[in-house]
Amino acid sequence: MQVHPRAKTWWRLHSAAVYGVLLRTGVVVLLFVQQAWLAAIVGALAVITAADLAFLPRIRYARHRWEATDQAVYVRDGVVVEDWRVAPLSRVQTVDTRRGPLQQWLGLSTVIVTTASAAGSLKIHGLEKEAAAELVERLSAATEATPGDAT
């Protein structure tokens with residue numbers, strides 16, 4: 001399944017905040033140092049910022065997929081390097097949601113599926129708040145009904 005379309009806005013705003021701090025810092029340093037090489041770096045960062053904000057949220061939206069069945073949770077993510085993860089329900093330890101300020105404002109959530117894997121948790125970013133709550137409830141019930149010790 002695909003994440004909510006507002007996830008593109010969330011990713012764009014999150015990147016804009018990070019790049020904004022970097023660009024402001026670069027401009028302030030440039031005002032004091034006034035070197036051509038530093039101006040080139042700040043200019044390159046501005047171009048990278050524009051490209052990231054214009055293209056990466058759409059690419060990420062097109063690639064980020066997830067599915068939850070009675071046997072496992074599947075998550076695909078990544079822009080340059082594709083990450084495809086499968087977590088059998090018998091290995092799921094906890095299912096949580098995370099909602100930062102931007103996600104709260106946009107009505108989105110991230111579902112975090114913690115497993116006994118050394119690779120870490122599976123994260124499903126950009127779900128609508130109600131859909132995330134329903135998924136957490138469904139996965140929690142399914143993991144309780146699944147035999148195994150989640151280790």
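The values are calculated or read from the model by the stated rules, or taken from the named source; none is laboratory data. Computed from a predicted model, the values in this text were never measured in an experiment. Cβ: placed from backbone, ideal geometry, glycine included. Neighbour counts: every protein chain shown. Calculation scope for accessible area: heavy atoms of the full protein, side chains included, ligands and nucleic acids excluded. Shrake-Rupley method; radii C 1.70, N 1.55, O 1.52, S 1.80 Å.
Brief remarks follow.
- Charge dipole of the chain about the Cα centre (unit charges at C-beta), most positive-ward option of P101, V113, A50: A50
- Paramagnetic label zone (point 7 Å from Cα along Cα-to-C-beta, M1; backbone N under 13 Å) in the stretch 108-127: 109, 111, 124-127
- For the chain, convex hull of alpha carbons as volume per residue, Å³: 120
- The value of relative contact order for the stretch 51-151, using C-alpha pairs under 8 Å at least six residues apart, is 22 percent.
- Rounded FRET efficiency, nearest 0.05, which uses the C-beta distance separating L102 from I48 and R0 of 25 Å: 0.75
- Loop GluC sites (Glu not before Pro), the stretch 66-151 (other Cβ atoms within 10 Å of the site Cβ: 13 or fewer; DSSP): E82
- Modelled this way, with points 7 Å down the Cα-to-C-beta line, the labels at E67 and A131 are 1.6 nm from one another.
- Within the listed set A132, A39, A62, the Gaussian network model of the chain (springs between alpha-carbon atoms below 10 Å) gives the highest mean-square fluctuation for A39.
- In sequence order, calculated HN-Hα J values of the stretch 54-62 (Karplus, 6.51, -1.76, 1.60; Hz; x Gly/Pro): 7, 10, 4, x, 5, 5, 4, 4, 5
- For the stretch 122-130, 3J(HN,Hα) computed residue by residue from phi via the Karplus equation (6.51, -1.76, 1.60; θ = phi - 60°) reads 8, 10, 10, 8, x, 8, 4, 3, 5 Hz, glycine and proline entered as x.
- Using alpha-carbon coordinates, inclination of helix 6-33 to the longest axis of the chain, degrees: 30
- Of all accessible heavy-atom area on the stretch 25-76, the percent that carbon and sulfur account for (1.4 Å): 69
- Solvent exposure of the stretch 7-112 as accessible area per residue, Å², 1.4 Å probe: 60
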